[in-house]
Structures are given as C-alpha cells and as structure tokens.
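A short write-up of the structure that comes next.
Throughout, read-outs are computed from the coordinates displayed, never taken from laboratory work. For clarity, every value in this text was computed on a predicted model and none was experimentally measured. Cβ atoms come from the backbone with ideal geometry, glycine included; neighbour counts cover every protein chain shown.
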Amino acid sequence: MSLPFLSKNNLVVGVDIGSHAVKVCQLKRIDKGYAVVSLGSAVLPEGAVDDGTLVEPEIVGKAISSLFKNLKIINKKVGFSISGYSVIVKKVNLLVMEDAQMEEHIMAEAEQYIPFDIDDVYLDFQSLKPSNENAERADVMLVAAKKEVVDEYLDMLHDIGLEPVLVDVDGFALENTFEASGGHENNVALVDIGASKMNINILSKGMSVVARDIVVGSRQLTEQIQASLDIDFDEAEAIKLGQSPAGENQQMIEEIFSSTCTQWVLEIKKAIDLYHANNPDAPLEKLVLSGGGSKVAGLADFLAHETGLKVDLFNPFRHMSSNSKKIDADYLDSIGPEMAIATGIAIRPSVI
C-alpha cells in the first residue's frame, strides 16, 4: 500500500537564509526530473543575520512568512541549511564498518575530530565509497553543527507556523542542486559566493571530497566601492554588477575588483591545491560558480584566468520546467545562480 502522505514526491520547501536575503524555492517531481512551482527572495536589513547566526530572528521570520504568503505556498514542511563558524565539515579516514558501528564509533571518538564540546553539537556523517571494494579503510565526511545555532533556526521557523523537517549544510545543498540539474563531470569545484560567505565543495566521481566555508563575500566589494567613491550602497551595488557605468572611476573600480577578488581566488586555490595533493591523477574538469556574488561583472573570466579552469555560471533551473504564465523565463535565468542553495534543499523529500 502506498500512502500519499509518505510519498517521496512530497518535497520540502527550501529556505536559504543568508546575511543579505532570504530565498525560498518550491519544486515538484515530474517524470523527467523537477518543475519549479514557486520561488522568491526578500532582502534582509543589514545585521539581521551575521555569519550564519540569527541576530534578529523575528525580522528574519517575518521576511520568510511574507514570502510564503505572497507566493501562496501552502506546504508547511521546510528544510534549511547552515554554514559559517557554527558548522565543521571534516573528512576522516576510518576502518570500513556497518553504519550502526560507524555511528557508535563516531559518537565515542568525535571530540578528537572537532573543536567543539560533543554535548554542544548535532553530529552526522556520510561514508564515502572506497575506490576498491575490498578496501579495509574508507573516508567519512563528518558534520558537526552547534546546537545553539540550529535550535535558533528551528525556534524561529516554528514561531511562524512552519514545520522544519531537515537541516542541510550549504555546500552539500549546492552538491544536491548540481547533481539534480544533470551535472555529470567526474571532478568539479562548486563555488557559491554570497554576500558575506563563500562555500566551496569539490566533487570527485559524484562524492564530496573537499568542503570549505570561508567568511568572504560580495558585500565587501560593494562596501569598498561605496567608500572609495563616496556613494550610497545601491549605486555601488549597480557598479559592481555592471548595471551602471563607472565612468572616470573605471581604473579605481578595476583596482578594487582585482584586490578583493584576488582574496577570493586565493581561498579557492587553497581548496583546489588540497584536492590535487590528494588526487594527483584526477584533475578538475571545471569550476561551477553560483550565488549572488557570481553576478559580479567580469568575475567568471577573472576566475578562469587565475585558476586555469573553465568556469560555468550555474543556473539550477536550466533543465527544469515551469509554468511560464506564473514564472517568467527571463526571471528564472536571472535569479537562478543565487537560488542554487535553496533549490538544493527543495529537491529533498519531506519524508526520508
């Protein structure tokens, strides 16, 4: 017997809470993949979210509630993701064992792998498939998230009448989106640049092997343009995105761009170097760029030049269908890169 409320066709609504904006995405399963049901974003006041922590949970909750109301989303089951200082993702090498044994071992030995008190975190893990079926050891991706931070998100969502049923990590949500959109490269670097953070997730043969959260983002570029030209934030944002000409300040803008984006490249290269050190015979095929920061004018070309990799701007909706009467195709193309994480959460079933 198949009970409808247990069907894996019932997906959660993906909620991505960043420092600049809240993004919401609702999908449905169809025969050939997924269809976009509704999506939207709402800008948050500065300081409402700081490095993944809810500083103003009531304001954030109100923004999410308004999005659900305006988008007429009825489904109350939601998923969200976290990143920043409150999350540790670490790859450890352990003896091959059954999941139950693995869980028992990790709970007993976790403090040697993570810098948090074991009583203060939620723990989860994913076994990575060994290349040799007869291998005695295998890599395991260990995730530890601070209970205090996760519980703040849970409380905020419950307070606005939603039912959070899963918690993800930004980098893994990004991986989910890439795979669901038909990503088939063996070795690829996924880089999501938000307003105040950058997520890097390097995949090898469909498995995450390097995952990093870095506290840098596109807001710092806007703020530097704003300070240098003595203009307001919105004007600086328009220049950053190439929507407004820099005019006589073009050289100054290029210097700011080069200085700031070079910092981003250095962090990306660290992750790439770590990958290549452990996988010398499996070079990366390309870098896939997403997030609101991916829209910075000239960034994709700059990253391609500095890393020597092909760089693609990621649109998670490229192979998804949608109702053109409800959602404009140009809008989907425009907002796609910054919806990557919300979409990665939205492909998850509400019953697992």
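Structure above, values below:
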quantity: Volume per residue of the C-alpha convex hull in the range 184-314, rounded to whole Å³; calculated: 91 Å³
quantity: Positive-end residue, the range 109-248 charge dipole about Cα centroid, Cβ charges, pick of Gly182, Ile193, Val121; calculated: Gly182
quantity: Neighbour-count ranking [beta-carbon atoms within 10 angstrom, fewest first] of Lys32, Lys310; calculated: Lys32, Lys310
quantity: Relative contact order for the range 171-280, counting Cα pairs under 8 Å that sit 6 or more residues apart, in percent; calculated: 20 percent
quantity: At most 12 other Cβ within 10 Å, DSSP loop - trypsin sites (Lys or Arg not before Pro), the range 40-85; calculated: Lys72
quantity: Whole-number percent relative contact order across the chain, with pairs defined as alpha carbons under 8 Å at least 6 apart; calculated: 22 percent
quantity: Considering only the chain, percent of DSSP beta bridges that pair antiparallel, nearest 5; calculated: 70 percent
quantity: Where GluC sites (Glu not before Pro) fall in DSSP loop in the range 26-125, at most 10 other Cβ within 10 Å; calculated: Glu98
quantity: Segment Glu136-Thr262, extension gain: residue separation times 0.36 nm, minus the distance between their alpha carbons; calculated: 41.2 nm
quantity: Label zone at Ile30, where the point sits 7 Å out along the Cα-to-Cβ direction: the range 310-337 residues whose backbone N lies under 17 Å; calculated: 316-333
quantity: Entries in Lys77/Lys147; Lys90/Lys310; Lys91/Lys205 that, when Cα-Cα distance is taken, lie over 19 Å; calculated: Lys77/Lys147; Lys90/Lys310
quantity: Share of Cα-Cα pairs in the chain lying beyond 29 Å, as whole percent; calculated: 42 percent
quantity: Inter-centroid distance (Cα atoms) of the range 287-352 relative to the range 220-266, Å; calculated: 23 Å
quantity: Under the span-like rule (Cα at least 20 Å along the axis, Kyte-Doolittle mean at least -0.5), DSSP H helices of the chain; calculated: 57-71, 250-278
